[in-house]
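A quick write-up on the structure given underneath.
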Ligand SMILES: [Zn+2]
Ligand SMILES: [Zn+2]
């Protein structure tokens, strides 16, 4: 940790020194280092008082959600903005930042503005949501509306009461959006109606799609006929989808706050599908019902690797490797190769539990796959090398191997911990409890394992434990019958008619003259597991589970090898790929509309007319886009947005017009390029360098040309 911190500090110092020269847009490094939640929120809003309030409530033992409401409420009560609109906006953004740990873009980009509107003598609060509200997550997006309602109450505003036409507009808009973009939740029209009729604050937003509604057009209070994607997401994927959870949260938060009137949220109890019943408790053990959810939206060409909880699929294994962590899970590199490399390093997968998706990383210390080859033999594949040799000969995968999932993933997803399978590290811990230190990752022959098991009364080592729970007692009975009849005089067991059972158990074997041959330590382990088979009586064992039956006849204790299998399919990794500007841009510098829509800086070698922020050199008085002139920093110039005249703080002719720092202006590109070369002390090839047609940022501040080389 110290190393990382030191290095980060070193890099920041270099960046800071470079910025201090005054040649770039800003004179300092904009990104602030922030460690705690309150520091991050302070940095995000450039306001340390807010951070202090967050620390104050958190130190009082308040949870994150309640803290978000408390702080948002304080911002509203103390009117911390310049006016009521700014106050409301700050309060909602800060609240959302707190509940999302200030690590996603939603608080900044997911809300475009918050304003107080008036209609029919009432003042109500209106929140403009944008697409990036997605990054907050469904529940958090929904809570942001709750926060807005709390802020509304603190500001003494009335409830939003939408008319019939506004409700119909929402209904049409959600359906229309569903046709053009992805929604997680398929809410019914009834649900949407219930939500929008009852929301105490308006959920709206700027247009995000080109498509327009066709029936419910030109509603006076709604600025656009185009789809408001952010608003649709909040209504459908946040509030409707999470209604049940939200209803619970409303009760919790209001009881902790004491001054939050939640009477306008009672309707939440009446919408939303019941959450999938996942867990039950039976015999003190959670009963985990297979969940098909991860299979939704599967696409052609992306394989489903294992069905929900089906034997042979991935075995849940708890733990962390150096390359796994938050939403990244481990599988054996042998599994990756056996699956024709449909799983590679970083492949995005959808998993049955505990979360929704993850990326896959190779971990070679966990169990690999067990496969049947075309000659009928069954092999445990232990390494990538072995897998490469065998890959062409594989006829069937009998077991996919482990999926390594960290405990934190269960915690993060609020999923009950499910019992661990029988693994080496557990076995080693049991021995340690008896005062014996063993290396869990070493190879143990069956004889060594057996000795340890008998001497210290621990279950047999996982390597010599087979998947007994995956066969029935009837199958166990057939296996015993076959072993009894088999010739095993030379340490090899020749079995007839039970190959399928051996495959379910994943006992390695070969096929010789139509018989399955189990040999070596596996033969010893099989015989020892069945050592008391003489007393096996099918009728007597009728009511037992296979695990109980095998433990009754075995020479040692046998633990369940797998218990839970995790379903998995390959996701859509392209969804997570780098977002590129289309077409690619090298430099945010405007070149206007050149011939053929080319944005080549080199082609703009005459004058271009663009809207751009202008500055003035305090020494020579030159007006320029450059940040540095005559050895010192240039200063920004302000213009009246109406007449374009240069002004000090407002225009004498147009005192109401907005003052901006840019103006449509003619730039001499040849001169600017020359100046840039001079400041770099050298000429460069700029033939491929691309700028942009125009700057879309609010202040239209260009990057220095030097950045492009
Ligand atoms: Zn100058
Ligand atoms: Zn003016």
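Only the coordinates and a few stated rules stand behind these numbers; no lab work does. Please read all numbers here as calculations on a predicted model, not as lab measurements. Reconstructed Cβ throughout: ideal geometry from the backbone, glycine too, with neighbour counts over all protein chains shown.
Neighbour counts of other C-beta atoms within 10 Å: give me 638, 268, 544 arranged from fewest to most.
Ordered from fewest to most neighbouring Cβ atoms within 10 Å, 638, 268, 544 come out as 544, 638, 268.
In what order do 601, 192, 239 fall by count of nearby beta-carbon atoms within 10 Å, going from fewest to most?
With the sparsest Cβ surroundings first, the list reads 192, 601, 239.
Using R₀ = 60 Å, calculate the FRET efficiency as 1/(1 + (r/R₀)^6) where r is the Cβ-Cβ separation of residue 25 and residue 537; round to 0.05.
Given R0 = 60 Å and the Cβ-Cβ separation, E is 0.10.
What percent do you get for the relative contact order of the stretch 430-579 when only Cα pairs under 8 Å and 6+ apart count?
27
Can you tell me the FRET efficiency between residue 210 and residue 630 if r is taken as the Cβ-Cβ distance and R0 is 35 Å, rounded to the nearest 0.05?
0.15
Which residues does the label zone of residue 648 cover in the stretch 624-639, counting backbone N under 20 Å from a point 7 Å along Cα→Cβ?
Answer for this model: 635-639.
For the Cα atoms of the chain, what angle does the longest principal axis make with the long axis of helix 473-485, in degrees from 0 to 90, nearest 10?
So the inclination is approximately 40 degrees.
Angle check, please: helix 243-257 long axis (alpha carbons) against the longest principal axis of the chain (alpha carbons), in degrees 0 to 90, nearest 10.
70
Can you list the residues of the stretch 89-131 with backbone N under 15 Å from a point 7 Å past the Cα of residue 158, pointing along Cα to Cβ?
Residues 116-126 fall inside that zone.
Hey, what number do you get for the chain at 222 nm if only DSSP H runs of n ≥ 4 count, each worth -39500 (n - 2.57), divided across all residues, to the nearest 500?
-9500 deg cm²/dmol
Mind giving me the nanometre distance, one decimal, between the label points for residue 256 and residue 448, set 7 Å out from Cα along Cα→Cβ?
5.2
Could you give the angle, 0 to 90 degrees to the nearest 10, between helix 669-680's Cα long axis and the longest principal axis of the Cα atoms of the chain?
For 669-680 against the chain, the angle is about 60 degrees.
Given an 8 Å cut-off on Cα distances and at least 6 residues of separation, report the relative contact order of the chain as a percent.
About 9 percent, as a whole number.
Just how far, in whole angstrom, is the stretch 332-401 from the stretch 632-696 if you go by their alpha carbon centroids?
Answer, in whole Å: 58.
If the viscosity is 0.890 mPa s and the temperature 25 °C, what Stokes-Einstein diffusion coefficient in µm²/s follows for the chain when Rh is the Kirkwood radius over Cα pairs?
Estimated diffusion coefficient is 79 µm²/s.
Using a 10 Å cut-off around each Cβ, can you sort 87, 472, 546 from fewest to most neighbouring Cβ atoms?
The fewest-first ordering by Cβ neighbours comes to 472, 546, 87.
Can you compute the modelled spin-label distance between residue 269 and residue 103, with each label point 7 Å from Cα toward Cβ, in nm?
3.5
Which of rounded, prolate, oblate describes the stretch 444-561, given a ≥ b ≥ c as roots of the alpha-carbon gyration tensor eigenvalues and a/c under 1.5 marking rounded, otherwise prolate only if a/b is larger than b/c?
The shape class here is oblate.
Assuming 0.36 nm per residue, please report the length gained on full extension of the stretch residue 59 to residue 434 beyond their Cα-Cα distance.
Separation in residues times 0.36 nm, less the Cα-Cα distance, equals 130.8 nm.
Using a simple spin-label model with points 7 Å from Cα along the Cα→Cβ vector, what separation in nm is obtained for residue 697 and residue 597?
2.5
Could you calculate the contour length gain from residue 122 to residue 224, that is, 0.36 nm times the residue separation minus the distance between their Cα atoms, to one decimal place in nm?
So the chain would gain 34.5 nm between residue 122 and residue 224.
Note the full-extension length gain between residue 296 and residue 13 as 0.36 nm times their separation in residues minus their Cα-Cα distance, in nm to one decimal.
Separation in residues times 0.36 nm, less the Cα-Cα distance, equals 97.0 nm.
Report relative contact order for the stretch 628-709 in percent, whole number only (criteria: Cα-Cα under 8 Å, sequence separation at least 6).
Relative contact order of the stretch 628-709: 22 percent.
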